[in-house]
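The values are calculated or read from the model by the stated rules, or taken from the named source; none is laboratory data. Fair warning: this is a prediction, and the values are worked out from it, not measured in the lab. A quick note on method: Cβ atoms are made from the backbone with ideal geometry, for glycine too, and the neighbour counts reach across all protein chains shown. Please note that ligands, DNA and RNA were not included when accessible areas were found on the heavy atoms of the full protein model with its side chains. Shrake-Rupley method; radii C 1.70, N 1.55, O 1.52, S 1.80 Å.
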Amino acid sequence: MCSTTPTHSPLVVAISGIKNSGKTTLITALLPRLAGYGLRVAVIKHDGHSFVPEIPHTDTAKHLEAGAIGTAVVDREKCKVVRYGSFTEENLIPLFPDADLILLEGFKHSSWPKVEVVRAGNSAEPVCDVDTLLALVTDLPLAIPGIPTLPQDDSAALAALLADYVKGRAPHVG
């Protein structure tokens, strides 16, 4: 397993919403902005379907096809681990002890603090438990009392909110 020296426990925030709401687009816009705040960010994505764990015909794919319960590949800069078994985000969070923030993509029904994405033409209202919301990101005229509502195309504002949250200046949810 890849390992780094633990420095602290990272905060965890889910970027949630229904399918095709813009979660991946938002996360990829947030990552460089959060790095600009000096934050180290990891992402754990929920896949509601089964994904192909390895590129076919690679050595690691051959290991899995031959019956290995897991395989890893490592070089001087990175590693990748593929394991078979039953996993949750809680199993994966410890893999990133050097992160300041772990963004979970999906997990809308979890108890993690959340930023919910609601996009016109895809959904009309939030689906997450309001008690878990840190912010609502939308292009619709929606508002939830006490929850910041940010424009869907303003990743800078959300990055500032999340940076403040990591630094302890925003209210804790949960």
Q) How many residues are open to solvent by 60 Å² or more (accessible area, probe 1.4 Å), over 22 Å from the mean Cα position of the chain (by Cα) and not aliphatic (A, V, I, L, M) when one looks only at the stretch 31-66? A) 6
Q | Pick from the stretch 78-113, criterion part of a strand (DSSP E or B) and more than 11 Å from the chain's Cα centre (by Cα), ranking: surrounded by the most Cβ atoms within 10 Å (Cβ to Cβ) | A | 82
**Q.** Scan of the stretch 114-131 for residues that are open to solvent by less than 10 Å² (accessible area, probe 1.4 Å) and not acidic (Asp, Glu), ordered by number
**A.** 114, 115, 117, 118
Q) Only one residue in 73, 82 is in contact with a helix residue (DSSP H, G or I) (Cβ under 7 Å, 6 or more places away or on another chain), among the aliphatic types (A, V, I, L, M), without any contact (Cβ under 8 Å) to a residue 24 or more places away in the chain and more than 26 Å from residue 36 (Cβ to Cβ). Which one? A) 73
Q: Please find, within the stretch 132-156, the residue that is most open to solvent (accessible area, probe 1.4 Å) out of those that are among the polar types (S, T, N, Q) and out of contact with any helix residue (DSSP H, G or I) (no Cβ under 9 Å at 6 or more places or on another chain).
A: 149
Q: Please verify whether the stretch 164-173 includes one or more residues that are among the charged types (D, E, K, R), modelled with pLDDT of 95 or more and assigned to a loop (DSSP other than H, G, I, E, B).
A: no
